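Data block below; observations after.
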Amino acid sequence: MPLSGKSAQVASSVAATLFAVTAAPNSSLRERKKRRTRQALIDTALELFTRRGFGGVTLDELCEEVEVSKRTFFRTFTSKEDVAMAPDQDLWRAFLEELETADPGTLPVVELGRDALLAALERMDDEGWARRMLLSRRLAERTPSMGAHGLQFCEATTQEALEILHRRFGLGGPGDLRPRLAVDMLIAAFRGALASWVARADEAGRTEPPTAEELAARLREAVAALPGSLALTTSR
């Protein structure tokens, strides 16, 4: 299914930033500086948006806080929504890379995708990632423009995943909905796991922040529940 307009731009951004997110440790000083600037923008944006509200912080104010120009900002992000959703987007970009190199064996596509997503979660080894993800999700819940941006990114990522499945494994073709449904089920399982993870973090009395390992455990549970959900009936 071809993309157009805004979704096509997001798809291009997904592919273009894969290397920037996962560059090798021995990359050049310039590349390391770019990654530090990117991380500073993400951390500062999430802190400011959380304290003052998404609409209460202008792009000029964000750039001034990090001491970068708007030109520098737009070399990395397309909008305030883009920087606010970076933790989630980084995870799914890593997922695409894992799917690109995955050994399928005899696994169903949903389980292949689950394993690729779990591997991507393991790559989110920065101890601050889970906190950034939590702040991002809380912001998204009360910011409609972030929700719209997330839908566009989700569709672009889905199309990238389907292209990989088709190119590497010959899956999909005209009229074959199975790969699309498999990817959609994986995404739905992750969303359910993420919602549960955020709710657990917001429970009264909890003092420790949630971890990526907890999110991975909830993802396993959500994918395991998919067959039962398909067979669920209203009969008693």
Using only the Cα atoms of the chain, what do you get for the radius of gyration and for Dmax, in Å?
18.4, 64
I need the semi-axes of the equivalent ellipsoid of the range 115-218: take the C-alpha gyration tensor, multiply each eigenvalue by 5, square-root it, list largest first in whole angstrom.
29, 16, 12
Share of Cα-Cα pairs in the range 109-160 beyond 16 Å, whole percent, is 59
Once the Cα atoms of helix 5-16 and of the chain are each reduced to a long axis, what angle between those two axes, in degrees from 0 to 90 to the nearest 10, is obtained?
80
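Mean shadow of the range 27-80, computed from the convex hull of its alpha carbons, in nm²?
Values: hull surface 14.1 nm².
Its Cα hull, projected and averaged over all orientations, spans 3.5 nm².
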Out of the chymotrypsin sites (Phe, Trp or Tyr not before Pro) in the range 88-163, which ones are loop residues according to DSSP with at most 12 other C-beta atoms within 10 Å?
none
So the compactness index of the range 89-128, its C-alpha Rg divided by 2.2 N^0.38 Å, takes the value 1.16
Rg and Dmax [Cα atoms of the range 161-221; Å; Rg one decimal, Dmax integer]:
16.4, 52
Expected sort for 172-179, 135-142 on mean C-beta neighbours within 10 Å, highest first, is 135-142, 172-179
Give me the angle, in degrees from 0 to 90, between the Cα long axis of helix 29-52 and the longest principal axis of the Cα atoms of the chain, rounded to the nearest 10.
90
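Rule-based calculations on the coordinates, nothing more; no lab input. A quick note: this is a predicted structure, and the numbers were derived from the prediction, not measured. Here Cβ is always computed from backbone atoms with ideal geometry, including for glycine, and neighbour counts include all displayed protein chains.
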